[in-house]
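The values are calculated or read from the model by the stated rules, or taken from the named source; none is laboratory data. Note that the coordinates shown come from a computational prediction; the quantities given were computed from them, not determined experimentally. Here the Cβ positions follow ideal geometry from the backbone for every residue, glycine too, while neighbour counts run over all protein chains shown. These accessible areas exclude ligands, DNA and RNA; they are computed on the full protein's heavy atoms, side chains included. Shrake-Rupley method; radii C 1.70, N 1.55, O 1.52, S 1.80 Å.
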Amino acid sequence: MPWVILVIAGLLEAGWAIGLKYTEGFTKLVPSVLTIAGIIASMYLLALAARTLPIGTAYAVWVGIGTFGAIVLGMTFLGEPVNAGRIFFLILLMVSIIGLKLTAH
């Protein structure tokens, strides 16, 4: 169960990272409230998962999922560049996330 919680926390991190773009420096109320709620929920779930998972692994996986998601969402919805190099490094990032999960004891 801690891994499921950690994945949800990572997805929320990707969401709030993209949400930052829509807050326009926290000047827009609704995007700002949703982004702050996402930050709080993501950190809370990370803390729950870290109760049983090694903190280094939990943190790295959380950041990795958030990074992966933010890049994919940025490419999909914000017109960020899509090229072979970015795809290659996204694959490496996913391999690293999976490797950390598989080697955690």
With +1 on each Lys and Arg Cβ and -1 on each Asp and Glu Cβ, how big is the dipole of the chain about its Cα centre, in debye rounded to the nearest 20?
100 debye
Would you calculate the separation in nanometres between label points at Asn83 and Ile98, each defined as 7 Å from the Cα along the Cα-to-beta-carbon direction?
2.6 nm
Counting only protein heavy atoms and a 1.4 Å probe, tell me what percentage of the chain's accessible area is made up of carbon and sulfur.
77 percent
Could you give me the ³J(HN,Hα) list for region 28-33, computed from phi with Karplus coefficients 6.51, -1.76, 1.60 and θ = phi - 60°, whole Hz, x at Gly and Pro?
9, 4, 4, x, 5, 5
Probe of 1.4 angstrom, ligands and nucleic acids ignored: what's the accessible area per residue over region 9-105, in square angstrom?
61 Å²
From the phi of every residue in region 42-59, what ³J(HN,Hα) in whole Hz does the Karplus formula 6.51 cos²θ - 1.76 cosθ + 1.60 yield, where θ is phi - 60° and glycine or proline is x?
4, 5, 4, 5, 4, 4, 5, 5, 6, 5, 10, 8, x, 4, x, 5, 4, 5
Projecting the Cα atoms of Ser32, Ala60, Ala70 onto the charge dipole of the chain, where Lys and Arg contribute +1 and Asp and Glu -1 at Cβ, the residue farthest towards the positive end is Ala60
3J(HN,Hα) from dihedral phi, region 8-23, Karplus parametrisation 6.51/-1.76/1.60, rounded to Hz, x for glycine, proline
4, 4, x, 5, 5, 4, 4, x, 6, 5, 5, x, 4, 4, 7, 6
Placed amide H near Glu80: partners under 5 Å, 5+ positions off or other chain
Met75
